[in-house]
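Colleague: Quick one: structure below, then a few questions.
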Amino acid sequence: MAASTPSTESEYVTLESSDGFQFIIHREAAMLSGTVRNMLSSAGQFTESTEGVIHFRDIKAVILEKVCKYWYYKARYMNSVTEIPHFEIEPEYALETLMAADFLDT
């Protein structure tokens, strides 16, 4: 019978944009992304799962920041029974945000 090892999983995860900005967010919020969830949950398959740092080579900071804000927005209103406020996305960032959301399975 193998002894289980205690989890050293951090409450936070670091996301790094293509232009070098880092966002430290709650792991629970980041896990709302199917892509991030797979990267962090695949034991031994991704260095991200052991280091807790994910580098996004194709997502700029301004877009990654908006995605992080959306994850917190989604977590807050996921099971809400009241009216949900509109999530603002500036028109000049709409296309890049949509592409990042698609990639991140958000």
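Colleague: Which residue, SER42, SER80, SER17, has the most motion in a Gaussian network model of the chain that connects Cα atoms within less than 10 Å?
Modeller: The residue that fluctuates most here is SER80.
Colleague: Between beta-carbons, use under 13 Å as the cut-off and find the net charge around LEU64, counting Lys and Arg +1, Asp and Glu -1.
Modeller: -1
Colleague: Another question, then. Tally Lys and Arg at +1 and Asp and Glu at -1 over the other residues with C-beta under 13 Å from the C-beta of ALA75: what net charge comes out?
Modeller: That works out to +3.
Colleague: Pick from THR14, THR82, THR50: which residue has the top mean-square fluctuation in a GNM of the chain where Cα pairs under 10 Å get a spring?
Modeller: Comparing THR14, THR82, THR50 in a Gaussian network model of the chain, the most mobile one is THR82.
Colleague: Can you tell which of VAL62, VAL53, VAL81 shows the greatest fluctuation in a Gaussian network model of the chain with Cα springs below 10 Å?
Modeller: Answer for the Gaussian network model of the chain: VAL81.
Colleague: To the nearest 10 degrees, how steeply does helix 94-103 sit against the main Cα axis of the chain, on a 0 to 90 scale?
Modeller: 20 degrees
Colleague: Under 11 Å from the 7 Å Cα→Cβ point of TYR12, by amide nitrogen: which residues of segment 19-62?
Modeller: Backbone N within reach: 23-27.
Colleague: Sorted by packing (mean other beta-carbon atoms within 10 Å per residue), highest first, where do 88-99, 27-38 land?
Modeller: Answer by packing, highest mean first, reads 27-38, 88-99.
Colleague: With all protein chains present, how much of the accessible area of the chain (probe radius 1.4 Å) comes from carbon and sulfur, to the nearest whole percent?
Modeller: 53 percent
Colleague: A further question on this structure: As a test question: what accessible area, to the nearest 10 Å², does PHE56 have when a 1.4 Å probe is rolled over all protein chains in place?
Modeller: 10 Å²
Colleague: Let me ask you something else. Starting from the 7 Å offset along Cα-to-Cβ, what nm value, one decimal, do you get for the label separation of ILE84 and THR50?
Modeller: Between ILE84 and THR50, the label points sit 3.8 nm apart.
Colleague: A further question follows. Ignoring ligands, DNA and RNA, what accessible area per residue does segment 47-104 give at 1.4 Å, in Å²?
Modeller: I get 72 Å² per residue for this part.
Colleague: Now a separate question. So what's the projected area for the chain, the Cα convex hull averaged over all directions, in nm²?
Modeller: For the chain, the mean projected area of the Cα convex hull comes to 8.5 nm².
Colleague: Now a separate question. Sum -39500 (n - 2.57) across every DSSP H segment of at least 4 residues in the chain, then divide by the residue count to get the 222 nm mean residue ellipticity, nearest 500.
Modeller: Mean residue ellipticity at 222 nm (helix-derived): -11500 deg cm²/dmol.
The values are calculated or read from the model by the stated rules, or taken from the named source; none is laboratory data. Since this is a predicted model, take the numbers as computed values, not measurements. All Cβ positions, even for glycine, are placed from backbone atoms using ideal geometry, and neighbour counts span all protein chains on display. Surface accessibility is based on the protein's heavy atoms, side chains included, excluding ligands, DNA and RNA. Shrake-Rupley method; radii C 1.70, N 1.55, O 1.52, S 1.80 Å.
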